[in-house]
Amino acid sequence: MAITVKVLNRPIAEASYLRATLGGMARTFKHMVNPHKVTVQYPEMREPVSPRWRGTHRMLTTEDGKAKCVGCGLCPTVCPANCIKLVPGEDEQGNRYPLVFEIDEFRCIFCGYCQEVCPEEAIHMGRHYENAEYSRASFVYDLERLTAQTHPVSQLWDPSDPAGE
Amino acid sequence: MIQAVFSHGGVIDPQTPIEDFWPFTILTIVKMVVVFTVYMVGVALLTFAERKISAWIQDRIGPNRVLWKGFGQVLADGVKNFMKEETYPEAAYKALFILAPMLAFVPAMVTWAVIPFASPLPTRWGLMSMAVADLPVGFLFTLAISSLGVYGIVLAGWSSNNKYALLGGLRSSAQMISYEIAMGMSTVCVLLLAGNVNLNSIVEQQATQGWNVVLLSVAFLVFFVATYAETNRLPFDMPEAESELIAGYHTEYSAMKFSMFPISEYANMVTASALTSLLFFGGWDIPFTTWDNVPPWTTLKTIVTLGVFAIKVIFFLFTFMWIRWTLPRFRYDQLMSLGWKVMLPAILAYVVIIAGTLLGLDAAGIARSSRAFTGILFGLNLACVGVLLFVLDRGRLLSPAQSRLKSAELSRLRQVASRSTLAPVTGD
Ligand code: SF4
Ligand code: SF4
């Protein structure tokens, strides 16, 4: 039993296999001799990332090298992924500081709320994307690691300049 | 000892074929080793060329990391394939499973034994033919051997004991049978014209009468399409068809046994390209000059003709890749209908036309080497190609073409579609 397949009545110019083949071969040949060069040779060349790129976090520090964070607890509160672990402490002068400050970058959704909410401009998203690690555990960045990172931090979105210009 | 073997009492004319046993044997072995080496290196480089060309066509860069400009990729791939683990499916029939990759590869290579790749080379011991074995029945040999290649694929598919592999193997054999006939028929035309099955005389015939591609264009077109089907290259790579059959006949293969299949595919491509240039593009003949086709043979002629032959083969290899990265795969029924409903009738009719014309021209007393003979055949061919292309263009022969939709039926379907609940709601 033969299978009957519907064939739409298209004009010959569209339905002809020959013309389509020759046209296609001309096109591929054009691309071959004159390729659109779009490849970026990654480790050697990098595309610039947007100033608002939200990558792994950085904790900024004061001049004497201590984290700016005052342990106010706003970022763990606002974090929708619940991935910031904060244990605040207080020293003899009554300055609050984080005893434990850990961000699980695996659970983080990189929403940037922590940076927006921070009253001390301490925690920041980073313009950085090379985050490979050998174990899951090493994706939990502690305070030491967060302060030691040096990559540029991202800018917040400015409502008066929505396109970022 | 060797000295004794090679020194000869009498003076030997370098323009007569080698007759002594030892020089002949040793030179043949040298030719075998050289051809095998060049062939294998060429095949390895082809895999690289394929990746590069596909990359360029797709606006990519392709392998460019290993050694100079990525040429080391060939070595890296080879080493990787040797180091990988060989797996054997539990249900496979081991003996054939191991034998199949070799069976796929060997016929492609054996064909090269009879392909003349340059004009004869004069040596101290006589004239050396530039084919490993200059068989008097060279052409029949290539036909016989090249159809053996399918066994590797069929056995690979069958012995893996995997349904996709089996389907791939079956498709391969069906496809091979369908296109082998058209291919054989198209070469009948060449043999009619050459009047000989020795590959060197086919080259000579083309040197005197003009290349077969202009004398037998329809045969060339059919042969060309059939070689793609025979080598399982796109658009005819039904046996592999990864979107339908995982990887077809080599689904179960791993490591070096797997890479024997791609290697044999490329080996087949080289052989098919060589045959195409030999049968239809004059082999090692240089066009528009007879300097290279007449004695006395010199080393220079050998080198130049070798270069010309290499250029032709490389051009066809490039075409293989060019077409692969342009055309999508046929559907299986399209493949069959193209083979049986288009190519076979066309080539059968063409054989009759060519045979009749040759008979008529011979009866009219027009010499085969004369300009008039070439001219008449050429004119006839233009007409044939014109008719064929016109029919192919109009006939939509690659659509399934089972039932063309009548316009009444079409409007009925459109109405059904417009009444459908899925149609966009207009108004309120
Ligand atoms: S970016 Fe969002 S999800 Fe990630 S730590 Fe900050 S608030 Fe939490
Ligand atoms: S919002 Fe800023 S100051 Fe408050 S806990 Fe987070 S990082 Fe520290």
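Derivation of every value follows stated rules applied to the coordinates shown; laboratory data play no part. No experiment lies behind these values; they were computed from the predicted model shown. Here the Cβ positions follow ideal geometry from the backbone for every residue, glycine too, while neighbour counts run over all protein chains shown.
Before rounding to the nearest 500, sum -39500 (n - 2.57) across all DSSP H runs of length at least 4 in the protein assembly as shown and divide by the residue total; then give [θ] at 222 nm in deg cm²/dmol.
Numbers: 22 runs with 309 residues, N = 593.
Calculated from helices alone, the mean residue ellipticity at 222 nm is -17000 deg cm²/dmol.
Report the equivalent ellipsoid semi-axes for chain A in whole Å, largest first, defined as the square roots of five times the eigenvalues of the gyration tensor built from alpha carbon atoms.
54, 20, 17
For helix A:17-33, what angle does its Cα long axis make with the longest principal axis of chain A, in degrees from 0 to 90 and rounded to 10?
40
Across peptide B:387-394, how many C-beta atoms of other chains are within 10 Å of each residue C-beta, on average?
2
Cα centroid distance between region A:39-98 and region B:222-283, in Å?
57
Starting from the eigenvalues of the Cα gyration tensor, five times each then square-rooted, give me the equivalent ellipsoid semi-axes of region A:28-103, largest first, whole Å.
That gives 47, 15, 9 Å for the three semi-axes.
How about region A:60-165: which chymotrypsin sites (Phe, Trp or Tyr not before Pro) there lie in a loop by DSSP and see at most 16 other Cβ atoms within 10 Å? Before the final figure, lay out the partial values.
Details: sites: A:101, A:106, A:110, A:113, A:129, A:134, A:139, A:141, A:157; in loops: A:106, A:110, A:129, A:134, A:157.
Sites meeting the loop and neighbour criteria: A:106, A:110, A:129, A:134, A:157.
Given R₀ = 30 Å, FRET efficiency for residue A:132-residue A:49 by Cβ-Cβ distance, to 0.05?
0.95
Restricting attention to the alpha-carbon atoms of region A:119-165, what are Rg (one decimal) and Dmax (integer), both in Å?
Over region A:119-165's Cα set, Rg and Dmax evaluate to 14.0, 42 Å.
Near residue B:56, within a Cβ-to-Cβ distance under 12 Å, what is the net charge of the other residues, with Lys and Arg +1 and Asp and Glu -1?
+3
Under the classification rounded if a/c is under 1.5, otherwise prolate if a/b is larger than b/c and oblate if not, where does region B:100-244 fall, given a ≥ b ≥ c as square roots of the Cα gyration tensor eigenvalues?
oblate
For residue B:161, which sequence-distant residues (separation of 5 or more, or a different chain) have an amide H within less than 5 Å of its own amide H, given hydrogens modelled in the peptide plane?
B:93
Using only the alpha carbons, work out the radius of gyration and Dmax of region B:313-353 in angstrom.
13.9, 36
Mind checking B:54-61 for the average number of partner chain beta-carbons within 10 Å of each residue's beta-carbon?
5
Quick one: in region B:12-171, what % of C-alpha pairs are over 28 Å apart?
46
Report relative contact order for chain B in percent, whole number only (criteria: Cα-Cα under 8 Å, sequence separation at least 6).
Relative contact order of chain B: 19 percent.
So what's the projected area for chain B, the Cα convex hull averaged over all directions, in nm²?
Working: hull surface 122.8 nm².
Across all orientations, chain B yields a mean hull projection of 30.7 nm².
Rounded if a/c is under 1.5, else prolate if a/b is larger than b/c, else oblate: which is region B:203-318, with a ≥ b ≥ c the root eigenvalues of its Cα gyration tensor?
oblate
Among A:42, B:79, B:210, pick out the residue whose Cα is farthest towards the positive end of the charge dipole of the protein assembly as shown, where Lys and Arg carry +1 and Asp and Glu carry -1 on C-beta, about the Cα centre.
B:210
With contacts defined as alpha carbon pairs under 8 Å and 6 or more residues apart, what's the relative contact order of region B:120-233 in percent?
Numbers: 91 pairs, mean separation 29.7, N = 114.
Relative contact order, region B:120-233: 26 percent.
Lysines within cross-link reach of residue A:68: Cα-Cα under 25 Å, excluding same-chain residues under 8 positions apart?
Counting by Cα, and skipping residues close in sequence, residue A:68 has these lysines nearby: A:85.
Just how large is the dipole of chain B about the Cα centre, in debye to the nearest 20, putting +1 at every Lys and Arg Cβ and -1 at every Asp and Glu Cβ? Could the numbers behind the result be given before it?
Details: 29 positive and 26 negative charges, 233 e Å.
The calculated dipole for chain B is roughly 1120 debye.
Taking the square root of 5 times each eigenvalue of the Cα gyration tensor, what semi-axes in Å does the equivalent ellipsoid of the protein assembly as shown have, largest first?
Each semi-axis is √(5λ); the values are 64, 35, 23 Å.
Please report the net charge: other residues with Cβ closer than 13 Å to the Cβ of residue B:322, K and R +1, D and E -1. Let's see the in-between values first.
Numbers: positive: A:27, A:30, B:52, B:233, B:324; negative: B:50.
Result for the local shell: +4.
Which pairs, out of B:31/B:80; B:84/B:257; B:31/B:69; A:37/B:312; B:52/B:257, put more than 21 Å between their alpha-carbon atoms?
B:31/B:80; B:31/B:69; A:37/B:312; B:52/B:257
Decide, for region B:227-282, between rounded, prolate and oblate: order the square roots of the alpha carbon gyration tensor eigenvalues as a ≥ b ≥ c, take rounded if a/c falls under 1.5, and otherwise choose prolate if a/b is larger than b/c, else oblate.
Taking the square roots of the gyration eigenvalues as a ≥ b ≥ c, region B:227-282 is oblate.
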